[in-house]
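The values are calculated or read from the model by the stated rules, or taken from the named source; none is laboratory data. Bear in mind the structure is a predicted one, so any value in this text is a computation, not a measurement. Counting neighbours? That spans all protein chains shown, and the Cβs are built from the backbone with ideal geometry, glycine included. Remember, those area values only see protein heavy atoms, side chains included, never the ligands or the DNA or RNA. Shrake-Rupley method; radii C 1.70, N 1.55, O 1.52, S 1.80 Å.
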Amino acid sequence: MSSLLSQGPLSIPFVRWVAAALCLAVLLYFVPLVHFTPLQQAQDKIAQAKFDAVKYADDFWHGPLLAETENALKIEELISALQASPKKAAERYGKRLGLSSSSSYFIRGTGTIISKQDDVISIALTNSDSAKVVIELGPVFGNAIRDGSGLLDISQFSNTQEFNAISSEINMKVEQLVFPVLDDPEMLPGTVLRFAGGIELPDADTAPLKLNLIPVVVARL
Amino acid sequence: MNFMPKLNRELLAKSQSLIALLIMVIAMSMLSDTFLTPDNGWNILRQISVNLCLSIGMTLIILSGGIDLSVGAILALAGAVAAGVLRNGIALPWLDTLIQFTLAGAIVAGVLVGLALGWFNGFVITRFRLPPFVATLGMFSIARGLTMLWTGGFPITGLGASFGYIGTGVMLGVPMPVWIGAALVAIFVVLTLKTRFGRYLYAVGGNERAARLTGLKVDNIKIWVYTLGGGLAAVAGLLVTARLDSAQPNAGLGYELDSIAAVVIGGTSLSGGRGSIMGTVLGCLIIGVLNNGLFLLNVSPFWQQVIKGLVILAAVAIDKLNSKENQD
């Protein structure tokens, strides 16, 4: 037998290779490495499963976010808390994500436009003269609205890209829906407004004198 | 004046990594309440598992008299390829087909990438007689570039729970990365100490010219060593990717230096031919304990780098002194 195996095509190395190939084939049958799918079918499936940040942000904006503006923290309350202790104010009213060194707040208030220069609108608050609100027209960055509202939990999303995409879309909505209202030529100094939106404040020992607002709602009173 | 018999000195030299580790563990335990706890112990083992995979491969390469500066970059590319094929598959538009990879398929793809790049390193070093430092530096750049091309510079995320289990799962109370690291240690201890390949490896690293003259296929052995190094870097890449549930384009930056450090601290000679896998395990543990302990003691990360550098210098200096004494 051994002499037979050592000759011709049935040599021992040949038998070993055949045995190895058979083992591999059996293994791959039970543990396949790949599946082949028609491209169009796979693309349709991926498109269905893909997270639509634009739609999500649109639903979020017109649904829970606008409703939340009615319940947002009064800006005077935030300013008083910040003046008493910025740290305690952050603990009580602020929302922060992970190891961030800033807190976001969702606030509402009323005030009067005191200046409008170079796309920067300054608003004096009706019930507080300790600080002013500033809105900078132009590209919006950051996560003040998403995080400040406290309505979205990162664990609801399968990855951080989706969570960040929502913030980008919300910021886009601010640029498209809210800034045109403020950019109106009739929005002159002296105009009285009500507003609501997000504010992001870095950790600090002293209360800020101006609060940069990313508005969700701005309306003339 | 010689106060110690030669045998005792040799024993001390062989146990220096173990002694250093014990001293560090005792010191950290006295300085931090949370250091000597079971949770922290598992934490250290989990943290070193990636470096352990890289360092096993690096030990083989350094034992053969070479060096590999591309393992961190191979780690990143292998992790990215595995993540990419698992998440998106490979589209073949001319066949109107999408090849969707299973978990096993993605793992195999990642490891094959590592093996192929490692083989290329070995091929270039042996065929063109390039210094390993230069050849693997070239591969470092190639693999980093390919990773950026493959990922487009963005992380590949959402790889699923099954893949994540490799990096974060626990089996029989032991984290999966620790199982994988331990299995690789066992395999490569046997490979280096109990097989013909292991003996050839030490022979090539100890005296390459003599190995050639005795008829050993030195080039083949070196190609195998670099191929295995690449494959182990790929396994490390899979662990990192699974643990983070994402393939980061910049994963593994500077990891080659950590693995070289672990190998040197573990007593493997940079000139080749002398050292062991178990020494490298101790080297990884020393670096792991040092990182973990300094973190628990709230030492600034900048100081941590300084201290790590000093430990590496001390290890190399002791290695040189031992070599000199042995020659004397």
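From the list B:86, B:75, B:112, pick out the single residue that is under 16 Å from residue B:180 (Cβ atoms) and either in contact (Cβ under 8 Å) with a residue 40 or more places away in the chain or open to solvent by 20 Å² or more (accessible area, probe 1.4 Å) (or both). Among B:86, B:75, B:112, only B:75 is under 16 Å from residue B:180 (Cβ atoms) and either in contact (Cβ under 8 Å) with a residue 40 or more places away in the chain or open to solvent by 20 Å² or more (accessible area, probe 1.4 Å) (or both). So is residue B:129 of a type in the set (Lys, Arg) and in a loop (DSSP other than H, G, I, E, B) or not? Spelling it out, residue B:129 is indeed of a type in the set (Lys, Arg) and in a loop (DSSP other than H, G, I, E, B). Among residues of region B:1-29 that are on the phi < 0 side of the Ramachandran plot, those with a Cβ under 7 angstrom from a residue that is at pLDDT 80 or above and open to solvent by 100 Å² or more (accessible area, probe 1.4 Å), sequence gap 6+ or separate chain, pair up as B:29/B:36. Just to be sure before I move on: is residue B:159 within 12 Å of chain A (Cβ to nearest Cβ) and aliphatic (A, V, I, L, M) in the structure I sent? Yes.
Scanning region B:40-59 turns up no residue that is within 14 Å of another protein chain (Cβ to nearest Cβ) and under 21 Å from the mean Cα position of the chain (by Cα). Going through (1) under 21 Å from residue B:198 (Cα atoms); (2) at pLDDT 90 or above one by one, residue B:271 falls short only on (2).
Checked against the criterion of being under 22 Å from residue A:62 (Cα atoms), loosely packed, with under 14 Cβ neighbours inside 10 Å and away from chain B (no Cβ under 14 Å), region A:207-220 contains one or more residues that satisfy it. Of all the criteria given as (1) surrounded by 14 or more Cβ atoms within 10 Å (Cβ to Cβ); (2) more than 17 Å from residue B:59 (Cα to Cα), the one not satisfied by residue B:149 is (1). Here the helices (runs of 4 or more DSSP H) wholly within region B:177-249 that include at least 2 residues being free of Cβ contacts under 8 Å to residues at least 60 places away in the same chain and surrounded by fewer than 19 Cβ atoms within 10 Å (Cβ to Cβ) are B:196-206, B:208-213.
Within region B:57-96, the set of residues being outside any helix (DSSP H, G or I) and under 12 Å from residue A:34 (Cα atoms) comprises B:89, B:90. When residue B:125 is tested against (1) open to solvent by 20 Å² or more (accessible area, probe 1.4 Å); (2) among the hydrophobic types (A, V, I, L, M, F, W, C); (3) touching a helix residue (DSSP H, G or I) at 6+ places or on another chain (Cβ under 8 Å), exactly one condition is not met: (1). For residue B:304, are the conditions met, namely being closer than 30 Å to residue B:88 by Cα, open to solvent by 20 Å² or more (accessible area, probe 1.4 Å) and not small (Gly, Ala, Ser)? Spelling it out, it is not the case that residue B:304 is closer than 30 Å to residue B:88 by Cα, open to solvent by 20 Å² or more (accessible area, probe 1.4 Å) and not small (Gly, Ala, Ser).
Within region A:155-178, the set of residues being open to solvent by 30 Å² or more (accessible area, probe 1.4 Å) and modelled with pLDDT under 90 comprises A:155, A:156, A:158, A:160, A:161, A:162. Within region B:90-118, if we keep just the residues that are within 8 Å of another protein chain (Cβ to nearest Cβ) and of a type outside the set (A, V, I, L, M, F, W, C), the residue that is nearest to residue B:78 (Cα to Cα) turns out to be B:105.
Hey, among A:97, A:73, A:65, which residue is more than 14 Å from chain B (Cβ to nearest Cβ) and in contact (Cβ under 8 Å) with a residue 60 or more places away in the chain? Within the list A:97, A:73, A:65, the selection yields A:65.
Results for (1) open to solvent by 80 Å² or more (accessible area, probe 1.4 Å); (2) assigned to a helix (DSSP H, G or I); (3) closer than 30 Å to residue A:145 by Cα, shown as yes or no for each residue.
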site: A:22; (1), (2), (3): yes, yes, no
site: A:28; (1), (2), (3): no, yes, no
site: A:32; (1), (2), (3): no, no, no
site: A:35; (1), (2), (3): yes, no, no
site: A:40; (1), (2), (3): yes, yes, no
site: A:43; (1), (2), (3): yes, yes, no
site: A:51; (1), (2), (3): no, no, yes
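Restricting A:82, A:78, A:27, A:22 to those that are over 27 Å from residue A:162 (Cα atoms) and within 14 Å of chain B (Cβ to nearest Cβ) reduces the list to A:27.
Just to be sure, is residue B:71 modelled with pLDDT of 95 or more and within 14 Å of chain A (Cβ to nearest Cβ)?
no
Report yes if some residue within region A:39-52 is of a type in the set (Val, Ile, Thr) and within 14 Å of chain B (Cβ to nearest Cβ); otherwise report no. Yes, that holds for at least one residue.
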